[in-house]
Each structure stands twice: as structure tokens, then as C-alpha cells.
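Contents: one structure, followed by commentary.
The numbers here are math on the coordinates, done by the rules we state, and not lab data. The structure presented is a predicted model; accordingly, all values stated were derived computationally and were not measured. So basically every Cβ, Gly included, is an ideal-geometry build from the backbone, and we count neighbours across all protein chains shown.
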Amino acid sequence: MTFFSLGRKTLEIQRFPRPTEEAPMSSADLWSYREIAAHIGVQPETVKSYRRQGILPAPDVVTSFGQPRWYADTIRSWVRRRPHNRR
């Protein structure tokens, strides 16, 4: 846990480790545009463009803040099927 003090209030923030080669993501993890982009080797804006064009599958989950998320297996399956597959 990390604690930040803002005047009289202290905020507790839990930090989660980023996925690495040593600790791969499990299929239960939800990916954002950033994780998808890293997986396929493009910029996050490119992945957002794929979604606007209907190329990316529909999100598995939309957070309460309206942020789309996909299960890793959903994206891995999409990557195998997509044209011009780089992987």
C-alpha cells in the first residue's frame, strides 16, 4: 500500500504490479487499450481506432467510469483471427 498525505487527509492507494515476462497475465485479467496495444505492438490510439471502426471485439466489461475492458483470452483469440496478424 502507498499512502499520500493531502493536508489533513491521507489517501491509501493500492498499487498492482504491471505484467512482465516473469509474471505473465492470466486469462482472467482485464485489458485496457494500453495492454492491448502493448500485446499487438501498436499505440493505444490505434487500438481505439480499431474499436471505432468495428475491428476490435466488443468489450467484455465496461467499468463504472465507462472504460472498456477485455479479457486477455478475448484479445488473444481476436489477434489469431485478425487479418495481417503480426503474431
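Quick one: THR63, THR74, fewest Cβ neighbours within 10 Å first, how do they rank?
Values: THR63 11, THR74 19.
Ranking THR63, THR74 by Cβ neighbours within 10 Å, fewest first, gives THR63, THR74.
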Nonlocal amide H pairs with LEU56, under 5 Å, H built at 1.01 Å: ARG51
Cα→Cβ-extended label distance, 7 Å offset, between ARG82 and VAL42, nm: 0.5
Under 5 Å, built H, 5+ apart or other chain: amide partners of TYR71: TRP31, ASP60
Cα-only radius of gyration and Dmax that characterise region 25-87, units Å: 10.9, 34
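I need to check one value: relative contact order of region 25-87, counting alpha carbon pairs closer than 8 Å and at least 6 residues apart, in percent. Mind dumping the intermediate values first?
Working: 63 pairs, mean separation 23.5, N = 63.
The normalised contact order for region 25-87 reaches 37 percent.
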